[in-house]
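> Let me begin by handing over the structure; questions about it come next.
Bear in mind that the values in this text are calculations on the coordinates, not laboratory data. This structure is a prediction, so every number in the text was calculated from the model and none was measured. Methodologically, a virtual Cβ is constructed for each residue, glycine included, from the backbone with ideal geometry; neighbour enumeration extends over all protein chains shown.
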Amino acid sequence: MLAGAGLLWMGWSGFNGGAPYAANIAASVAVLNTNICAATSLLVWTTLDVVFFGKPSVIGAIQGMMTGLVCVTPGAGVVQSWAAIVMGILSGSIPWFTMMILHKKSVLLQKVDDTLGVFHTHAVAGLMGGLLTGLLAEPTLCNIVLPVSGSRGAFYGKNGGKQFLKQIVAALFVIGWNLVSTTIILLVIKIFIPLRMPDNELMIGDDAVHGEEAYALWGDGEKYDPTKHGTIFGAAEITPNDYGNGPARGVTINL
């Protein structure tokens, strides 16, 4: 999971930084803001987990990283770094609230199969990013990146309010497009295969569909035993070390 998250973060810096199609100021600003917002969001999400649940969570940290990356993407190259921090704080807190609090209290959201929390990490965070870009887009950076001169966020006055309205209209269009297109795609798929497994198969999980468990290494809850599961990397045997019963324990692999 952490390896995948690291690769995702690195790749996200690549396509945000690559959006200007050149190694210029806009690209460097986009990469910097991408990392600032993602790191801030991760820390905020983890802090909220600690405050409300008493301990941090790896999954929570990755969710916070994800919401930060999603949120900063619309404005990565057109906002100042302080604005990226603001976006990170909001993307680490508002999607956390919708996922951890609102989702559990909403009857409608409880009926939606969203195991990965895509609604919160992408829909909520993405909508926030688009609207915050309409507020915080900096005029000088906009002139570097955007083809329309004089563009700016509402925070910078003048015609910034007009840009914010454009962001709202664009968000509504994307929401409508997704509802229509996704519904059509699902209706077509439903002709060939069921969209949802029966409840009895869902209780069993992967084994009911594929005849195997995706992440079962040596059995469900079973610890590694070399007499049952063989050796590692061709090792002849595995013996305890000579450190006795002290706090430092380990194994020595005799090749």
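> Can you work out D for the stretch 2-196 in µm² s⁻¹ from Stokes-Einstein, where Rh is the Kirkwood radius over C-alpha pairs, the temperature is 20 °C and the viscosity is 1.002 mPa s?
121
> Determine the gain in length on full extension of the stretch Leu2-Ile185; use 0.36 nm per residue of separation and subtract their C-alpha separation, reporting nm with one decimal.
Numbers: separation 183, 0.36 × 183 = 65.88 nm, distance 3.18 nm.
Taking 0.36 nm per residue and subtracting the Cα distance, the gain is 62.7 nm.
> Treat the count of other C-beta atoms within 10 Å as a stand-in for reagent exposure and order Ser106, Ser93 from fewest to most.
In order of increasing Cβ crowding within 10 Å: Ser106, Ser93.
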